[in-house]
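Before I ask anything, let me first share the structure, which is written out below as structure tokens.
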Amino acid sequence: MSEQMLATFRKRQQQAAEEIIYHTQCPFCSMQCKKKVLEEKQGARVKYRTIGVDNPTTKGRLCVKGKNAYQHAVHPERITTPLIKVNGAFQEADWEEALSVIQKNLSHLQEKHGPNSVSLYGGGSLTNEEAYLLGKLARVGLGTKYVDYNGRFCMSSAASAGMKAFGIDRGFTNHIEQIPDAKCIILAGTNVSECQPTFVPYLEEARQNGCFLIVIDPRETDTAAMADLHLKIKPGQDKQLALLLETYILQNQLHDESFCRERTSSYDELRDMLNNVDMETAFEDTGLSLQDIQEAAYRFASAPTGMILTARGIEQQINGHETVRHFLHLLLLTGKIGKYACGYGAITGQANGQGGREHGQKADQLPGYRFIDNPEHRRYIADIWGVKEKDLPDKGVSAYEMMERMEEGEIKSLILIGSNPVVSNPNANLVHKAFSSVSFMVAAEMFMTESASYADVILPTSSYLEDEGTLTNVEGRVTLREASRPLPGECRHDWQIMAAIAEVMGQGTLFSYEKAEDIFNELRLASRGGKADYYGMTYDRIRRESGVFWPCPSENAKQETTLFSESFATADGRAHFLTESAAEEVSKEEIDETYPLYITTGRTMNHYLTGEQTQRSSRLAAREFESYVSIHPDTAAKYGIRSGELVVITSRRGSATLRCSVSKEIRQDTLFAPMHWGGKQNINRLIDSALDPVCRMPGFKRAAVSIRPAASSAGSG
Ligand SMILES: Nc1nc2c(c(=O)[nH]1)N[C@H]1C(S)=C(S)[C@@H](COP(=O)(O)OP(=O)(O)OC[C@H]3O[C@@H](n4cnc5c(=O)[nH]c(N)nc54)[C@H](O)[C@@H]3O)O[C@H]1N2
Ligand SMILES: Nc1nc2c(c(=O)[nH]1)N[C@H]1C(S)=C(S)[C@@H](COP(=O)(O)OP(=O)(O)OC[C@H]3O[C@@H](n4cnc5c(=O)[nH]c(N)nc54)[C@H](O)[C@@H]3O)O[C@H]1N2
Ligand code: SF4
Ligand SMILES: [Mo]
């Protein structure tokens, strides 16, 4: 090697040594895989590598999204200065100007139309500290009742079902390390292979140990491919299926009579109710074979241990609450809860899907899973916040209902932090109108999204590489994301943004924090004695123990690996059966001559939610650069559609144009489209605005539609 070459080589080596390591957690799903991102600077060039880091939940595993998530965080399209809209165009501004515009507009609207003219909309990507602060900003910073978040669309039915049946709502009732010992597992409407890939090894281990795996899904997903029995159900008919399973278990004496008598209430009423179910109709509704249904019931009830895991397939229905309740009945009837390797798991969705719903960004809730219409709960939180109980607003309305009130003109302003509602809400055409009709809108965002483009002021926020805080993962384990990358440009953290808004609105003293940990320490007090009690956790303890489960009432409280082993968290200590139907008045959308097919919607491996982040990762975008609709080959032939061509799908609300993908994996009467694209590919233009009467969940998983080639001029709807 020549001297010159050696010198160049040494120089390169020196440059390569300029490596910074950022410890963090993946920003996407509820597995919250721990990882480190290595930033290697070589002169002007920067290279990134991502490595999984061992932890009790995901053991160092990462999926393709987690490996590539740095790409959006360092993307040149990141918004890094405040933007103000002037004559329809965004202009860069400084924080002082932006906050002054916010103060003037919000004050003007509230003086003229009252405090409730302003609304806030949050998200499940926010840390616990930020979700807590969003609720506080609404109730005491701005004094409005209108606050809700995207988690309403995510898990509200599982949350309300868990709360009513068991007395608390924590995703998993058991630590997930017990899964390998479960001998029968029902996966109802969950596609973990694509949505929580680092969870899958737990199921594989269970199967190795002899577990019988049942998957309920209208599609043959990668998850269904692992199953011993796949029930390819008609969309929206899972409650009917659960009723059939319950009845079969009881009729064949496969239930646990002493568990039902000792640990539950309304057991006799449940039996009476099931006697009155029209079994023939229920059976026809499911589109399944009787033999398969009977096998599922027999396998689950007779297995020594068993678990039921649900996700959005059965939950995002306008009878989602009741559907989940009936799946919980299967656990109660067979006594498979409160025991090792038995129990329930609502597989949470977003990074902080669980914690995000516990600390008060939901219309009806206060921190610690307290309720805003409970006088005692109100008093407790008012004391923590140093305000009078009577000054706390009442309950607001759910996420989509806020959109309706914007469109009707009652809500005049919106502060959006961590969501992209024009792509993710049902009946997306109405959301466009709602956003056009508000007089003043603020968005805290990383990117110019379809929703943020409606804003009058955009505030640049931090990413998961920069923003430290706690998140509660799929297990109910509170983890600490130690994010240390310096804030790019003028970006600020969401909690700083909320504190700054409170300050210009004259409430700064209630929002003076120096770091996320200060907010966490207030949250600990606010959650103390509540159902989701975080009081016994500190940042140090979470670090030391690699995450801490709630409930955690004291600093030396032991972590409970199995909830409900002695009693349930209800007032009488018993689990509650649901014996009447509240959902009868909301009728599910039926197919007819004009709209002859069902459509269901969901996710694919490479993209995340409305795609704003994953589509800015070139490696993920390259894997799937546009949306699609799956159709069975016989159905495609019937409607004269060739694979790969563009088709127009129309419902009673609107249309989307998608590329057709012909596949035997889907039912003949059903189409499937992912939710990750906006604009003309936005599948939520088709989804109805009807909501579950108990939890206000929309029916994202079932609509009636027509299909035609985009090239043809004829069409229906
Ligand atoms: N890759 C990826 N992973 C994600 C996300 C993402 O966007 N992309 N998002 C995260 C979030 S926020 C969430 S909430 C979770 C969602 O996780 P999942 O709920 O697992 O995801 P989905 O694809 O919405 O729906 C799951 C399955 O339900 C099926 N399904 C549709 N209709 C019905 C029905 O009527 N009955 C039954 N039984 N099944 C039905 C679909 O075919 C689909 O396979 O994933 C999280 N993880
Ligand atoms: N048809 C159909 N629609 C659905 C669903 C479905 O299955 N089918 N699923 C529903 C479900 S489960 C969910 S969870 C919703 C999700 O719906 P959305 O909340 O609209 O989805 P995201 O794409 O996560 O939007 C988050 C936005 O916030 C930004 N962001 C990310 N992190 C942060 C942060 O820390 N702070 C701030 N300020 N901004 C941040 C991102 O850039 C992105 O633009 O969609 C629902 N909509
Ligand atoms: S998307 Fe989910 S499973 Fe994949 S790396 Fe991120 S947190 Fe883990
Ligand atoms: Mo979600």
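What follows is calculated from the coordinates using simple rules that are stated; it is not laboratory data. No experiment lies behind these values; they were computed from the predicted model shown. Ideal geometry is used to build each Cβ from the backbone, glycine not excepted, and the neighbour counts take in all protein chains shown.
In a shell of Cβ-Cβ distance under 12 Å around LYS390, excluding LYS390 itself, what net charge do Lys and Arg (+1) and Asp and Glu (-1) give? The partial results should precede the final answer.
Working: positive: ARG378, ARG379, LYS388; negative: GLU389, ASP391, ASP394.
Counting the neighbours of LYS390, the net charge comes to 0.
Mind checking which lysines have their C-alpha under 28 Å from LYS104, skipping anything on the same chain fewer than 8 residues away?
Those lysines meeting the cut-off are LYS85, LYS112, LYS136, LYS145, LYS362, LYS388, LYS390, LYS395, LYS412, LYS433, LYS515.
Sticking with this one: Restricting to bridges with both residues inside the chain, how much of the DSSP beta-bridge set is antiparallel, in percent to the nearest 5? Provide the component values of the computation, followed by the final result.
Details: 47 of 92 bridges.
Rounded to the nearest five, the antiparallel share is 50 percent.
Where in the chain is the longest stretch that carries no trypsin sites (Lys or Arg not before Pro) classed as loop by DSSP and with at most 11 other Cβ atoms within 10 Å?
Of all site-free stretches, the longest is 1-387.
Follow-up. Between ARG45 and GLU590, 0.36 nm times their residue separation minus their Cα-Cα distance comes to what?
Working: separation 545, 0.36 × 545 = 196.20 nm, distance 5.66 nm.
So the chain would gain 190.5 nm between ARG45 and GLU590.
When the helices in the chain are scored as -39500 (n - 2.57) per DSSP H run of 4 or longer and the sum is shared across all residues, what 222 nm value do you end up with, to the nearest 500 deg cm²/dmol? Walk me through the numbers before you get to the answer.
On the way: 25 runs with 224 residues, N = 717.
Mean residue ellipticity at 222 nm (helix-derived): -9000 deg cm²/dmol.
Mind jotting down the three principal axis lengths of the range 367-463 based on Cα atoms? Whole angstrom, largest first.
Here the spans come out as 41, 32, 22 Å, largest first.
If I take the Cα coordinates of the range 597-716 and project them onto the principal axes, what are the three extents in Å, biggest first?
Taking max minus min along each principal axis of the Cα atoms, the range 597-716 gives 41, 36, 27 Å.
Give me the one-decimal nm value for the distance between modelled label points at GLN208 and GLU18, 7 Å along each residue's Cα-to-Cβ direction.
Between GLN208 and GLU18, the label points sit 4.5 nm apart.
First check a/c for the range 13-73, with a ≥ b ≥ c the square roots of the eigenvalues of its C-alpha gyration tensor; if it is under 1.5, answer rounded, and if not, answer prolate when a/b is larger than b/c or oblate otherwise. Could the numbers behind the result be given before it?
Values: a/c = 3.30, a/b = 2.02, b/c = 1.63.
In terms of gyration-tensor shape, prolate.
Hey, what D do you get for the range 48-106 in µm²/s if you plug the Kirkwood alpha-carbon radius into Stokes-Einstein at 4 °C and 1.567 mPa s? All intermediate terms of the calculation are to be shown ahead of the outcome.
Working: Rh = 15.0 Å.
Answer from the Stokes-Einstein relation: 86 µm²/s.
Which of the GluC sites (Glu not before Pro) across the range 32-124 are loop residues per DSSP, with 14 or fewer other Cβ within 10 Å? List each step's numbers first, then the result.
Numbers: sites: GLU39, GLU40, GLU77, GLU92, GLU96, GLU97, GLU111; in loops: GLU77.
Filter output for the range 32-124: GLU77.
For the range 172-346, compute Rh as the Kirkwood radius over C-alpha pairs and then the Stokes-Einstein diffusion coefficient at 37 °C and 0.692 mPa s; write the answer in µm²/s, rounded to an integer.
Values: Rh = 16.0 Å.
Stokes-Einstein gives a translational diffusion coefficient of 205 µm²/s.
Dividing the Cα convex hull volume of the range 548-669 by residue count, how many Å³ per residue is that?
With only Cα atoms used, the range 548-669 gives 249 Å³ per residue.
Run the quick spin-label model on GLN253 and VAL277: label points 7 Å from Cα toward the beta carbon, then report their separation in nm to one decimal.
2.1
Please report the net charge: other residues with Cβ closer than 12 Å to the Cβ of LEU646, K and R +1, D and E -1. Could you put the intermediate results ahead of the total?
Values: positive: ARG642, ARG659, LYS680, ARG708; negative: GLU626, GLU645.
It works out to a net charge of +2.
Once the convex hull of the C-alpha atoms of the range 78-191 is built, how many Å³ does it hold per residue, rounded to a whole number? Let's see the in-between values first.
Details: hull volume 23.3 nm³, N = 114.
Per residue, the Cα convex hull of the range 78-191 comes to 204 Å³.
Calculate how large, on average over all directions, the projected area of the Cα convex hull of the chain is; give the answer in nm² to one decimal. If you can, show how the numbers build up before the last one.
On the way: hull surface 134.8 nm².
Mean projected area of the Cα convex hull: 33.7 nm².
What Kirkwood radius, in Å to one decimal, follows from the Cα pairs of the range 1-130? Intermediate values should be presented prior to the final figure.
Details: mean 1/r = 0.0514 Å⁻¹.
Mean inverse Cα-Cα distance, inverted, gives 19.5 Å.
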